[in-house]
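This report concerns only the one structure given below.
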Protein chains: 2
Amino acid sequence: MSNTDFRLTPQRKIILEELMETDTHLTAAEVYEIVRARLPRISLGTVYRNLETLSQLGMIQKLEVGGTQKRFDGKTNIHYHVRCLSCGRVDDAPIEPQTALEEAIEGLTDYEIIGHRLEFVGLCLKCGKKPGGEARTRA
Amino acid sequence: MSNTDFRLTPQRKIILEELMETDTHLTAAEVYEIVRARLPRISLGTVYRNLETLSQLGMIQKLEVGGTQKRFDGKTNIHYHVRCLSCGRVDDAPIEPQTALEEAIEGLTDYEIIGHRLEFVGLCLKCGKKPGGEARTRA
DNA sequence: TCAATATTAGTAATGATAATTATTATTGAA
DNA sequence: TTCAATAATAATTATCATTACTAATATTGA
C-alpha cells in the first residue's frame, strides 16, 4: 500500500491556485465563493475538508488570528499578520520573526515553549478613511 | 436619567469574584461551572451576557487567544499570554509589553496600527510530562 | 406605592465548522 | 481491460460556541 495516496483533484488544485493568487488571507467562506466561480458544483464541506487536509500536509497554513473565523494562507513560512478591526481583513506584517521573544521567556514559565504568534491590529486603508467604518466585526 | 444604571447584581458580583481569584484565564463555560457552585440557578446566557457587559465596561478583559473559545481575564492591564497546545490552558506570560514592535512596523503598512497581540504556545507543566498528552485541542 | 427600567432564567436562533452518508472517481493488480 | 479496493466528492445533518429573544422578576426613583 502506498501511503502517498493524496490525490490532487480538480477541487484541491483550484483551491490551492486561488489561495496562492491572493495577497490577503481568506476565510473558508471566501474561498468557497471564489472557487465556486470556477467549480459551481463544489460544496462548502469540500472546501473545509480540503483546507484542513492541505494545511495538515503543510501545503498551506491555517491561521489562528483574532475574529470568529479561521483564515488560510498560501504561504507556509513563519511570518506575522496585521488585522483590520473594522472589516476583518488580514495582511502580512512586514517584520521579521522575533526569535528573541522566545529566548526572553525561556525559563520564566512552567511551559515548554514551542512557538509564538504575533498579530498587529488596526485599521486598513479603506476602513481608516471613512469615519463610520469602525467596529464592524465583533472582537 | 442617570446613565450610571449599572447594577452590581449577585450574579455579576460572583462572576467578578471568581474571575479575580483564578490565576489562569477561564472560558465562559468554565466560569459558568464555577459560578454554579455558588448560584445553582444561574443560566449560561447570563454568564455570557455579563462577561460581555463587564468587559465592555473595562472591568474585565475578553481575550482573543487561539483555540475555539474566548477566554476572560480579571486583570485589565496590557500583558501577554502562554497557551498550552494540549489542554488549552492559558496563563500570563512574564514578559513586558514590547512597544518597540509597533514602532518597527509603523509606516511599513497601509494600516493605522492600534495595538498588537503576542501569544506564546507550548506545553504546560502537566501536559509536557505525560507523553500521550499532546494534540488534545484542535489548533 | 407604583410605574419605568434593568436584569434574569430559560429557550430558541445563529454562524462556523465538523461528521455522516451514499455516490462517483481513480488506482493498481490480475 | 477489467474490476475490486480505496479516495474523494456533494449533499446533508450534527455539533459547538455564542447571541438573541421573551416572559417573568427585581430594583429604582419620583
task = Scan region A:98-109 and give yes if some residue there is in a helix (DSSP H, G or I), among the β-branched types (V, I, T) and away from DNA strand D (no atom under 15 Å from the Cβ), otherwise no.
result = yes
ask   = Regarding A:K70, is this residue within 16 Å of DNA strand D (Cβ to nearest atom) and within 12 Å of chain B (Cβ to nearest Cβ)?
value = yes
task = Return only the number of the condition from (1) within 14 Å of DNA strand C (Cβ to nearest atom); (2) over 17 Å from the mean Cα position of the chain (by Cα) that A:T53 does not satisfy.
result = (2)
request  = Answer with yes or no whether A:P97 is within 14 Å of another protein chain (Cβ to nearest Cβ) and over 15 Å from the mean Cα position of the chain (by Cα).
outcome  = yes
query = Does region A:35-48 hold any residues that are within 25 Å of A:R83 (Cα to Cα) and surrounded by fewer than 17 Cβ atoms within 10 Å (Cβ to Cβ), and which are they?
reply = A:L44, A:Y48
inquiry  = Being hydroxyl-bearing (S, T, Y) and within 14 Å of chain A (Cβ to nearest Cβ) is the filter here; which residues of region B:43-62 pass it?
reply    = B:Y48, B:S55
message = For the list (1) over 28 Å from B:L123 (Cα atoms); (2) at pLDDT below 95, I need the number of the one condition that B:V47 fails.
response = (2)
inquiry  = Out of the helices (runs of 4 or more DSSP H) lying entirely within region B:1-64, which hold 1 or more residues that are outside the structural domain of B:C84 (by TED's automatic domain parsing) and more than 13 Å from DNA strand D (Cβ to nearest atom)?
reply    = B:10-21, B:28-36
ask   = Would you say A:G107 is outside the structural domain of A:P10 (by TED's automatic domain parsing), touching a helix residue (DSSP H, G or I) at 6+ places or on another chain (Cβ under 8 Å) and surrounded by fewer than 14 Cβ atoms within 10 Å (Cβ to Cβ)?
value = no
inquiry  = Scan region A:110-127 and tell me whether some residue there is more than 7 Å from every other protein chain (Cβ to nearest Cβ) and either free of Cβ contacts under 8 Å to residues at least 12 places away in the same chain or acidic (D, E) (or both).
reply    = no
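The values are calculated or read from the model by the stated rules, or taken from the named source; none is laboratory data. Since this is a predicted model, take the numbers as computed values, not measurements. Neighbour counts are summed over all protein chains in view; Cβ atoms, including those assigned to glycine, are modelled from backbone coordinates with ideal geometry.
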